[in-house]
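What follows is a short report on a single structure.
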Amino acid sequence: MGMFKFGHLPDKCRDRQARMEGGPAAQIRVLTKRTGQMTRAEEEKTIMKPVIGLVPLVDTQRDSYWMLPGYMKGIQTAGGLPVMLPLEAAPEDLSDLSRHLDGFLFTGGQDVSPDMYHEEMQPFCGETCPERDRLERLLFAQALKEHKPVLGICRGIQLINVLMGGTLYQDLPRQHPSCIEHHGQPPYDRPVHSIHIEKGTPLYRLCGDEMRVNSYHHQAIRTLAPGLRKMAEAEDGIIEAVYCPDAAFLWGVQFHPEFSWQTDNQCQLIFDEFVRNCRSR
């Protein structure tokens with residue numbers, strides 16, 4: 001029996017194939033066609049929204065996953081559609097899920113397990129989350145394979161560095177003491193130190209040569225991974241932002257734009273640039 005050509009399929013079959021092959025935008029077009037509930041302008045506006053997967057935050061004491069509103073609202077303000085991902089899923093399910101996403105945000109959270117960068121866990125290392133380590137290893141590999149944009153925040157920048165071959169300070173006060181406040185107190189949108197942005201980097205083109213940033217971390221990049229380039233550092237030499245020049249969009253920041261997107265335009269610009277790259281892929 002010969003194979004059906006896409007143009008010769010019945011309407012119902014074409015719709016199903018479009019949803020399977022075309023990702024979120026194709027699904028929206030099919031839904032609109034069949035329901036007739038959106039105007040053309042509304043349809044175009046909706047289609048332009050990239051769907052972005054967010055790694056869940058994990059509360060081990062309450063045995064729950066959750067999400068800070070700022071991650072989602074920063075993405076929504078930039079024109080994206082954020083969705084929280086499952087913490088545990090089979091690799092084949094994550095692969096299938098990834099086909100329907102336009103980018104990934106690796107959120108903050110527990111410390112990255114030191115065994116991921118071939119070190120023993122020191123007493124001053126904080127709580128780890130093996131489930132997140134496993135999930136993010138799989139998601140990151142999938143994102144690179146499919147050339148999808150990735151933004152890492154706090155733990156996210158650390159995880160990207162580790163997965164690409166770098167190492168971390170397990171505790172800054174003990175392994176890199178300085179007078180810079182890296183573990184700020186509420187309100188968390190309050191800037192606590194400056195960072196110098198490297199000239200010629202994508203962050204420099206977006207935000208200029210300096211930012212005042214908030215800070216809430218006790219770990220940081222120690223050895224920068226091959227393939228990553230520094231975009232910014234604090235006055236004490238701690239790396240505050242990185243990117244991969246060989247990727248379409250692979251950024252990490254050590255500070256927290258999810259707390260400051262409303263009060264600091266430079267932080268919202270980072271979400272804007274991430275979502276713009278998710279939209280254009």
Per the filter on the range 240-251, residues crowded, with 20+ Cβ neighbours inside 10 Å and in contact (Cβ under 8 Å) with a residue 60 or more places away in the chain are Ala241, Val242, Phe249, Leu250, Trp251
Would you mind stating whether Pro123 is farther than 23 Å from Ala234 by Cα, out of contact with any Gly (no Cβ under 8 Å at 6 or more places or on another chain) and exposed (fewer than 14 other Cβ atoms within 10 Å of the Cβ)?
-> yes
Exactly one of (1) at pLDDT 55 or above; (2) touching a helix residue (DSSP H, G or I) at 6+ places or on another chain (Cβ under 8 Å); (3) over 30 Å from Thr128 (Cα atoms) is unmet by Thr39. Its number?
-> (2)
Residue that is part of a helix (DSSP H, G or I) and buried (at least 18 other Cβ atoms within 10 Å of the Cβ), where the choices are Glu92, Glu136 = Glu136
Give me a count of the residues in the range 95-107 that are among the aliphatic types (A, V, I, L, M) and crowded, with 17+ Cβ neighbours inside 10 Å.
-> 2
In the range 155-175, what residues are buried (at least 18 other Cβ atoms within 10 Å of the Cβ) and either assigned to a helix (DSSP H, G or I) or free of Cβ contacts under 8 Å to residues at least 12 places away in the same chain (or both)?
-> Arg155, Gly156, Ile157, Gln158, Leu159, Ile160, Asn161, Val162, Leu163, Leu172
Test: Gln142 is touching a residue at least 40 places away in the same chain (Cβ under 8 Å), in a helix (DSSP H, G or I) and more than 20 Å from Phe259 (Cβ to Cβ) | yes
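The values are calculated or read from the model by the stated rules, or taken from the named source; none is laboratory data. This one's a predicted model, so the numbers in the text were calculated from it and none came from an experiment. Positions of Cβ are backbone-derived with ideal geometry, glycine not excepted, and every protein chain shown enters the neighbour counts.
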